[in-house]
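The values are calculated or read from the model by the stated rules, or taken from the named source; none is laboratory data. Just so it is clear, the structure is predicted and the values come from calculations on it, not from any experiment. Here the Cβ positions follow ideal geometry from the backbone for every residue, glycine too, while neighbour counts run over all protein chains shown. Surface accessibility is based on the protein's heavy atoms, side chains included, excluding ligands, DNA and RNA. Shrake-Rupley method; radii C 1.70, N 1.55, O 1.52, S 1.80 Å.
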Amino acid sequence: MPKIANYEIWFVTGSQHLYGPETLKQVAADSTEIAHALDASPAIPVKVVFKPVLVSPDSVSELMAAANNTPACICLITWCHTFSPSKMWINGLKILQKPVVHLHTQFNRDIPWASIDMDFMNLNQAAHGDREHGFIWTRLRKDRKVVVGHWKEAKVQDKIGAFARAALAWADWQGAKFVRFGDNMREVAVTDGDKVSAQFKFGFSVNYYAVGDLVKRIDAVSEKEIDALVEEYDAAYVTTADVRKGGAHYASVRDAAKIEAGLRTFLKEVGAKGYTNTFEDLYGMKQLPGIGSQRLMAEGYGFGAEGDWKTAALVRAVKTMTTGLKGGTSFMEDYTYNLDPANTLNLAAHMLEVCPSIADGKAKLEVHPLGIGGKEDPARLVFDAAAGPATATSLIDMGNRFRLIVDEVDVIKPPHPMPKLPVARAVWKARPNFETAAMAWILAGGAHHSAFSLAATTEMLEDFATIAGIEFLIIDADTKIRDFKQTLRTNEVYYALNQGWAI
Ligand code: MN
């Protein structure tokens, strides 16, 4: 995962020469203080760096070019302490490729009623300057986040923090490589899509690698490496006699460890941030990777089953944006329902590949047969997901655009034990209710796969969609089907007119 401490947000204040050097000195001092406070805020996970106040077209263009060329700079905060005429921003904004949050704040929280004079008004006129600033962003049709409120408020810092996390995930996607072992599961539509459009729009590449080359890496794994991994399993997970040395399934566990080590070597060689595989293309492999994929996800790799490269990339992005936060993120699949009207529930799982970062307590290492793929019994980690609010997010290819759909859910402790279900799972209640959530998801064309997270908030995901410039749909406590259907229709027209078939 990217080291958060290496990344920065540039704090950029707009002004102009009109006010004279004394005022500009004050603007710089106030801006520095705000930048330092944001830098110290625990809500903002990266450094906030003050940049000299912008007072001319050249200074704007130079700063934007520098931002583009500084890999550590993941986004900009812009703010106009005073008035900053927007024509001077046009050339700079035209070339800027980094995400921006426009902070509409004011240095002083309160109006000093007894002493306020024209000097104070001229210095503290963000109410005026930020409207001019907002106009040029809107006039240029450039997406950004607008955060409103006093800079010391926790709510304001949280909103900037959410955007910074989205920007971090975005930076991580630029130039990222995702590996596909084999292709798409035959005849499946939603997991497929246009990888050229994705590279153009998202900045990551998705390429095919031969399973035979992976098998070569697996075959090269030494007994010592397998010993070390099996020891790690023993320490980290609940085990029973059958999976330990001398047990009936011990050989399967060693085979699984060998696959894990080979996969890790391969991904490191490529420099990949995630991968997909499919049970239809496992030639030369003893098992479909189970525990290996689960543990690689826990290390931060994105994963998508059945060739689902969009979900693999999305899982990586959601893992990146939630770095350091409580609660994990996993590849997930909607599986089966409890349709009792009094307690309608969604049981989500996958046949093997669910990330243990979402586990409630210690996962259990088990070996069971798998009904598909025609391979030997794979080792996998079995657990229940921890209870709490969560998001399930799907990224789909609509043909002329990508669409991000977020479903807010509440994971619960399963109402009954499921001793015969040998997979990791999450049981949740969808918001606002089962019927509306499932209907909205299906009308939106959401996949059966998702990036499921106990840490990612809707705000981070919406900010991520804003940065990516893609369609965003939310299913939450306020969702009403009639409005949702109208949004789908309106969006069709908007995207057709806005970008046509350009991606
Ligand atoms: Mn699946």
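List the residue pairs whose Cβ atoms are under 8 Å apart, where the first residue sits in the range 430-457 and is away from the ligand (no atom under 16 Å from the Cβ), the second is aromatic (F, W, Y), and the two are 6 or more positions apart or on different chains.
F434/Y337; A440/F484; L443/F484; A444/F484
When you scan the range 347-405, how many residues do you find that are touching a residue at least 60 places away in the same chain (Cβ under 8 Å) and either within 16 Å of the ligand (Cβ to nearest atom) or hydroxyl-bearing (S, T, Y) (or both)?
Adding up the residues that qualify gives 21.
Look at S293 and say whether it is within 16 Å of the ligand (Cβ to nearest atom), open to solvent by less than 10 Å² (accessible area, probe 1.4 Å), outside any helix (DSSP H, G or I) and of a type in the set (S, T, Y).
Considered against the rule, which asks whether it is within 16 Å of the ligand (Cβ to nearest atom), open to solvent by less than 10 Å² (accessible area, probe 1.4 Å), outside any helix (DSSP H, G or I) and of a type in the set (S, T, Y), S293 comes out as no.
Looking at the range 328-343, which of its residues are within 16 Å of the ligand (Cβ to nearest atom), open to solvent by less than 40 Å² (accessible area, probe 1.4 Å) and not aromatic (F, W, Y)?
S330, M332, E333
Checking N346 against (1) outside any loop (DSSP other than H, G, I, E, B); (2) crowded, with 22+ Cβ neighbours inside 10 Å, which single condition isn't satisfied?
Going through the list (1) outside any loop (DSSP other than H, G, I, E, B); (2) crowded, with 22+ Cβ neighbours inside 10 Å, N346 breaks only (2).
Return a yes/no flag: does the range 252-264 have any residue that is out of contact with any helix residue (DSSP H, G or I) (no Cβ under 7 Å at 6 or more places or on another chain) and open to solvent by 50 Å² or more (accessible area, probe 1.4 Å).
For the range 252-264, residues out of contact with any helix residue (DSSP H, G or I) (no Cβ under 7 Å at 6 or more places or on another chain) and open to solvent by 50 Å² or more (accessible area, probe 1.4 Å): absent.
Which residues, counting only those in the range 1-41, are open to solvent by 80 Å² or more (accessible area, probe 1.4 Å) and either among the hydroxyl-bearing types (S, T, Y) or at pLDDT below 95 (or both)?
M1, K3, N6, H17, L18, P21, E22
Please indicate, with yes or no, whether at least one residue in the range 415-424 is modelled with pLDDT of 95 or more, part of a strand (DSSP E or B) and open to solvent by 30 Å² or more (accessible area, probe 1.4 Å).
No, the range 415-424 contains no residue that is modelled with pLDDT of 95 or more, part of a strand (DSSP E or B) and open to solvent by 30 Å² or more (accessible area, probe 1.4 Å).
Open to solvent by 10 Å² or more (accessible area, probe 1.4 Å) and either within 16 Å of the ligand (Cβ to nearest atom) or in contact with a helix residue (DSSP H, G or I) (Cβ under 8 Å, 6 or more places away or on another chain) (or both), is that true of Y275?
For Y275, the condition - open to solvent by 10 Å² or more (accessible area, probe 1.4 Å) and either within 16 Å of the ligand (Cβ to nearest atom) or in contact with a helix residue (DSSP H, G or I) (Cβ under 8 Å, 6 or more places away or on another chain) (or both) - is not met.
Starting from the range 293-320, keep only residues that are without any contact (Cβ under 8 Å) to a residue 40 or more places away in the chain and within 23 Å of D183 (Cβ to Cβ), then list their pairs with residues that are in a loop (DSSP other than H, G, I, E, B) and away from the ligand (no atom under 13 Å from the Cβ) whose Cβ atoms are within a distance under 8 Å, requiring at least 6 positions of separation or different chains.
Y301/A272; Y301/K273
Mind checking which pairs have a first residue in the range 245-256 that is closer than 14 Å to I291 by Cβ and free of Cβ contacts under 8 Å to residues at least 60 places away in the same chain and a second that is of a type outside the set (D, E) and crowded, with 17+ Cβ neighbours inside 10 Å, Cβ under 7 Å, 6 or more apart or different chains?
Y250/V243; R254/I226; R254/V230
Residues in the range 304-327: is at least one within 13 Å of the ligand (Cβ to nearest atom) and assigned to a strand (DSSP E or B)?
Checked against the condition, which is being within 13 Å of the ligand (Cβ to nearest atom) and assigned to a strand (DSSP E or B), the range 304-327 yields at least one hit.
Could you list, in sequence order, all residues of the range 349-362 that are open to solvent by 10 Å² or more (accessible area, probe 1.4 Å) and assigned to a strand (DSSP E or B)?
The answer is A359, and nothing else.
Within the range 296-308, can you find the residues that are open to solvent by less than 10 Å² (accessible area, probe 1.4 Å), of a type outside the set (F, W, Y) and under 24 Å from I4 (Cβ atoms)?
Correct list: L296, M297, G300, G302.
For L229, state whether it is modelled with pLDDT under 95 and either open to solvent by less than 10 Å² (accessible area, probe 1.4 Å) or more than 24 Å from the chain's Cα centre (by Cα) (or both).
Against the criterion (modelled with pLDDT under 95 and either open to solvent by less than 10 Å² (accessible area, probe 1.4 Å) or more than 24 Å from the chain's Cα centre (by Cα) (or both)), L229 does not qualify.
Per-residue answers, yes or no, for (1) more than 19 Å from K319 (Cα to Cα); (2) modelled with pLDDT under 95; (3) in contact with a strand residue (DSSP E or B) (Cβ under 9 Å, 6 or more places away or on another chain):
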{"site": "A444", "(1), (2), (3)": "yes, no, yes"}
{"site": "S450", "(1), (2), (3)": "no, no, yes"}
{"site": "T457", "(1), (2), (3)": "no, no, yes"}
{"site": "L461", "(1), (2), (3)": "no, no, yes"}
{"site": "I467", "(1), (2), (3)": "no, no, yes"}
{"site": "L473", "(1), (2), (3)": "yes, no, yes"}
{"site": "A477", "(1), (2), (3)": "yes, no, yes"}
{"site": "T487", "(1), (2), (3)": "yes, no, yes"}
{"site": "Y495", "(1), (2), (3)": "yes, yes, yes"}
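From the list D172, D192, D234, D183, which one is away from the ligand (no atom under 16 Å from the Cβ) and open to solvent by 30 Å² or more (accessible area, probe 1.4 Å)?
D234
Can L370 be described as modelled with pLDDT of 95 or more, in contact with a Pro (Cβ under 9 Å, 6 or more places away or on another chain) and surrounded by fewer than 22 Cβ atoms within 10 Å (Cβ to Cβ)?
no
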